[in-house]
Amino acid sequence: MSNPSGPPVHVEMAVAHDALKTEEPHAMPPSSHHHHNLQLLPAPSADPKDPLRWPQWLKIAALISTAIANFTANFAGTGLSVAAQILAMQYHKSANDVNALLSFNLLFLGVGNLVWVPLGVKFGKRFALITSMAMHFAVLIWTAKADSFNSLLAARCLSGLAGGAGELILIFAFPQLLFAPPYLFTPVQVGLMQIAAIIGFGLACFAGGYVADAITARVIIRQGRVFPEQRLVSLIPGFLISPVGCIVIAFACSHQLSWVAIAFGFGMASFGTVYAPNIAITYVVESRPKQASEALVSINVFKNLVSFLFLYTAVDWVAARGWLEVYMIIFMLVSLSMLLAVPFYFYGSRLRAMSSRLERFL
């Protein structure tokens, strides 16, 4: 995933040549400070320790190590979803009790952001990441050795806390709901359902990176000037895919259609959980670079709190009201959040100016 819990050391922002002139850094090849034929802001400094001047292999190594940490947090956080039925029988617990193993992991994941991000700002992101990975390693051993439900639940809470140093996308929690009557799937079928999510994630990683940058670059070139709200234009593909996925899931589950229909909608929704947040977080960082740390903490805490509340109540909610109502409400919330990009596109610069004046006043 492309959004670490801490802010980047430098925020790269493409600007048109005729819109902004920047000083050329010393001894920098042209390809290192251009992207989509647009100049990058800030330009790489002359400091050899500047991450923008790292050799390509070091950037890739840093990306891979961070990705492995994020993958471990994803796998540890959601891996139990395919074993929910087995855990319920093993510990003689209800579906809601087993659901707590996922939902409280989410809750402590949000709490973890309040711990690891300030530590990363104070002592460095490498320190925070290594410390969290060491803690995660110990907690995962505890999780494997847990011999009671309460011990497993405690380990899951600490696992979420340790995994908070990385970004965790929990669309994988959806298959847990497939053990809500009358939609019963075997653990193997639930596991195979994740293939749709992986496809959606893979497409979103490419589209949320290169395609979104290409769309933003075309907007900048056409308008001949640069402002952060231009990034929001690239949300359009996500608006066309993710909400539709919610509708597909709603009707496929409520009318007991083929698993193919559920998987198709699941993949579309998974696409949106990666694509849209990437763009939204990039916009926030570009528009408020000085408050990037605080903004990212707030976003991650709020996101995981909402996820916790949804997952904690989802089993009873689906059982009482049905799939159609639940996912149509999600459809409306997803659509509303994306439509909020419209007023931000037209009035975002004014809001930033008002905020700056208020900060000076205070």
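The values are calculated or read from the model by the stated rules, or taken from the named source; none is laboratory data. Just so it is clear, the structure is predicted and the values come from calculations on it, not from any experiment. Because the Cβ atoms are built from the backbone with ideal geometry, glycine has one as well, and the counts that use them run over all protein chains shown.
Can you confirm whether the range 94-107 contains a residue that is outside any helix (DSSP H, G or I) and surrounded by fewer than 20 Cβ atoms within 10 Å (Cβ to Cβ)? The answer is yes; a qualifying residue exists. Before we move on, is A144 at pLDDT 85 or above, over 22 Å from V297 (Cβ atoms), buried (at least 18 other Cβ atoms within 10 Å of the Cβ) and assigned by TED's automatic domain parsing to the domain that holds G79? So A144 fails the test.
Given the residues V326, V315, V334, which is the only one that is closer than 20 Å to V274 by Cα and not basic (K, R)? Write out each step before concluding.
Working: V326 fails: closer than 20 Å to V274 by Cα; V315 fails: closer than 20 Å to V274 by Cα.
The conditions single out V334.
Residues being assigned by TED's automatic domain parsing to the domain that holds Q223, out of contact with any Gly (no Cβ under 9 Å at 6 or more places or on another chain) and under 24 Å from I247 (Cβ atoms) are entirely absent from the range 353-362.
Here is a check on your reading of the model: is A83 surrounded by 14 or more Cβ atoms within 10 Å (Cβ to Cβ), among the hydrophobic types (A, V, I, L, M, F, W, C) and at pLDDT 80 or above?
Working: surrounded by 14 or more Cβ atoms within 10 Å (Cβ to Cβ): yes; among the hydrophobic types (A, V, I, L, M, F, W, C): yes; at pLDDT 80 or above: yes.
So A83 fits the description; yes.
Restricting the range 66-80 to residues that are more than 16 Å from G160 (Cβ to Cβ) and out of contact with any Leu (no Cβ under 8 Å at 6 or more places or on another chain) leaves a set whose member that is surrounded by the most Cβ atoms within 10 Å (Cβ to Cβ) is A67. Scanning the range 295-352 for residues that are outside any helix (DSSP H, G or I) and at negative phi yields a single hit, L340. Note on the range 282-294: residues that are crowded, with 16+ Cβ neighbours inside 10 Å and outside any helix (DSSP H, G or I) total 0. Does A276 fit the bill of being buried (at least 18 other Cβ atoms within 10 Å of the Cβ), in a helix (DSSP H, G or I) and more than 20 Å from the chain's Cα centre (by Cα)? For A276, the condition - buried (at least 18 other Cβ atoms within 10 Å of the Cβ), in a helix (DSSP H, G or I) and more than 20 Å from the chain's Cα centre (by Cα) - is not met.
Take the conditions in a helix (DSSP H, G or I), in the same structural domain as V306 (by TED's automatic domain parsing), touching a Pro at 6+ places or on another chain (Cβ under 9 Å) and at pLDDT 80 or above and apply them to A76. Does it pass? Answer is no for this residue. The set of residues from the range 43-58 being modelled with pLDDT under 80 and either assigned to a helix (DSSP H, G or I) or under 25 Å from the mean Cα position of the chain (by Cα) (or both) comprises P51, L52, R53. The C-beta contact set for the range 45-70 (first residue closer than 23 Å to W116 by Cβ, second residue of a type in the set (S, T, N, Q) and modelled with pLDDT of 75 or more, distance under 8 angstrom, 6+ apart or interchain) comprises A69/S132.
Among the residues making up the range 331-362, those that are buried (at least 18 other Cβ atoms within 10 Å of the Cβ) and aliphatic (A, V, I, L, M) are V334, M338, A341.
Here S132 meets each of (1) in contact with an Asp or Glu (Cβ under 8 Å, 6 or more places away or on another chain); (2) modelled with pLDDT of 80 or more; (3) surrounded by 16 or more Cβ atoms within 10 Å (Cβ to Cβ) with one exception, condition (1).
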